[in-house]
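**Student:** This is the structure, below, for whatever I ask next.
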Amino acid sequence: MDNPYPQSVPPPYFLRKFLRPEEETLVFYLHRHPILFVPIAAVIAFLFFVPIIVYLGLRESSLTIFSRLSWEHWFLILFFYYFIIGILSFRAFVDYYFDLAIITTKRIIDVDQLGFFTQTVSEAELDQIQDVSARQSGFWQTIFDFGDVFVQTAAEKPRFIFEAVPHPYQVSRQILRLCQEAVRHKKLPPPLGAGGLKKENGFQDDQFKELPPLR
């Protein structure tokens with residue numbers, strides 16, 4: 001991504017339980033593209049107006065069902081109808097919003113939200129990543145620039161799939177860059193400690209300073 005998560009801004013609250021602030025910083029996180037939520041929102045909107053459409057369509061008909069039920073009965077029917085729609089709408093939002101791909105300076109984390117109370121979390125260290133690729137297919141993915149990112153790893157979960165994320169090619173390049181930085185950092189020798197490194201013959205740095213100069 002061209003604009004990683006700003007380090008001066010604290011991570012969102014719902015991400016903090018997945019992070020290790022003493023070891024890593026958040027680079028960016030991804031939801032599925034919001035265009036995928038549009039069909040769900042359209043269905044919910046249609047269901048919301050169904051009672052109104054039915055009432056307007058049948059009020060002039062010969063059916064007497066409206067006259068047989070009191071307003072109290074209609075209130076209960078509509079209450080439970082909209083309550084169920086609200087629950088289904090909220091679940092669809094939770095599944096969309098809490099399905100996450102999280103990338104930090106140390107790990108990639110895949111969070112799969114299953115209903116209200118179940119999450120499956122998989123992770124891999126960046127230096128365990130073996131290959132990253134991206135794919136866009138179809139008219140809508142090309143027009144709205146979203147697609148799938150595939151990450152092959154040597155971790156317990158060998159393959160991560162981030163589905164329908166925005167800008168998949170930019171995401172794959174950013175993950176590859178972070179992976180290269182992690183591997184390069186891991187290969188660097190450890191820095192010298194404040195007290196100096198121990199020499200092969202068992203002397204410390206300060207002991208060498210006490211030796212007399214060579215004649």
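The values are calculated or read from the model by the stated rules, or taken from the named source; none is laboratory data. The shown structure was predicted, so the numbers you read here are calculated from the model rather than taken from an experiment. So basically every Cβ, Gly included, is an ideal-geometry build from the backbone, and we count neighbours across all protein chains shown.
Table: residues versus (1) hydrophobic (A, V, I, L, M, F, W, C); (2) touching a Lys or Arg at 6+ places or on another chain (Cβ under 9 Å); (3) surrounded by fewer than 19 Cβ atoms within 10 Å (Cβ to Cβ).
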residue	(1), (2), (3)
ALA92	yes, no, yes
ASP112	no, no, yes
GLU123	no, yes, no
GLN130	no, no, yes
GLY147	no, yes, no
PRO158	no, no, yes
PRO166	no, yes, yes
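**Student:** On the basis of being over 19 Å from the mean Cα position of the chain (by Cα), of a type in the set (Val, Ile, Thr) and either modelled with pLDDT of 90 or more or within 30 Å of ASP127 (Cβ to Cβ) (or both), does ILE44 make the cut?
**Tutor:** yes
**Student:** Name the one entry in GLN141, GLN128 that is under 20 Å from THR25 (Cα atoms), free of Cβ contacts under 8 Å to residues at least 40 places away in the same chain and more than 16 Å from the chain's Cα centre (by Cα).
**Tutor:** Going through GLN141, GLN128 in turn, the sole match is GLN128.
**Student:** Does ASP127 satisfy being of a type in the set (Asp, Glu), modelled with pLDDT under 95 and in contact with a helix residue (DSSP H, G or I) (Cβ under 7 Å, 6 or more places away or on another chain)?
**Tutor:** yes
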